[in-house]
Amino acid sequence: MSSDPFSTRRFNRFHGRVESDRPCAAPGCPEPGEFRAPPAEGQRSNQEGPRWRWLCLDHVRAFNQGYNFFTGMSAEEIAAAQRPYAGWERETRAFSSNAASPPPKWSDFQDPLDAIGAKFRERVAKARADNQMRQDGKFLSGEDRKALSVMGLPIDADRKALRGRYTELLRRYHPDHNGGDRTKEGQLQDVIDAYGHLRKASAFA
């Protein structure tokens, strides 16, 4: 195996090496220019698009060592760029007062974690409501509670109370017990459906 550190393509890509026969841009250097660097000061042209020069490994290393990010900046600009919070002063798009898109639903919370906590509490409350426990330790589903509401029964009602209430409501709404009045047939059907559901529910088994 070759000991050349640039012998593998992966290593070359990582270090930005581009194999080529072009000469190094450093005056008098016979090595191939395989590493891209910005043009030297005073050599920039007015041509649109990026302009590069190609250097050998030694010269691109020398260029990198001498590179100065603050070249061309005023003292005020350098001081501003060196502040620990430089770049953080600008409002983000989501919270900008003149942003075109609406703010997120949780933007009225002082702490975004409050939004997460509120959503969690909402889900817990819903889960508890969907799995409400009766005094006998049996759980009531949402459909069970809805049917109990139609029947006008509390959550701790037993099977005997369910049958008694069903008989009572049948007499109240059935036309045969109301001189043929059929105006309450809708309520009667609701009661029949609710009773049919509850008598098969595990809470009343």
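The values are calculated or read from the model by the stated rules, or taken from the named source; none is laboratory data. Computed from a predicted structure; not experimentally measured. A quick note on method: Cβ atoms are made from the backbone with ideal geometry, for glycine too, and the neighbour counts reach across all protein chains shown. Calculation scope for accessible area: heavy atoms of the full protein, side chains included, ligands and nucleic acids excluded. Shrake-Rupley method; radii C 1.70, N 1.55, O 1.52, S 1.80 Å.
Data table
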| read-out | value |
| --- | --- |
| The lone exception for residue 175 - which of (1) open to solvent by less than 50 Å² (accessible area, probe 1.4 Å); (2) at pLDDT 90 or above it fails | (2) |
| Hits in segment 137-157 (condition: closer than 13 Å to residue 193 by Cβ and of a type in the set (Ser, Thr, Tyr)) | 149 |
| Where residue 168 falls short, out of the listed (1) loosely packed, with under 14 Cβ neighbours inside 10 Å; (2) not in a helix (DSSP H, G or I) | (2) |
| Residues located in segment 139-165, provided they are of a type in the set (Ser, Thr, Tyr) and modelled with pLDDT of 90 or more | 149 |
| Identity of the residue in segment 55-81, among the hydroxyl-bearing types (Ser, Thr, Tyr) and under 30 Å from residue 31 (Cβ atoms), that ends up surrounded by the fewest Cβ atoms within 10 Å (Cβ to Cβ) | 71 |
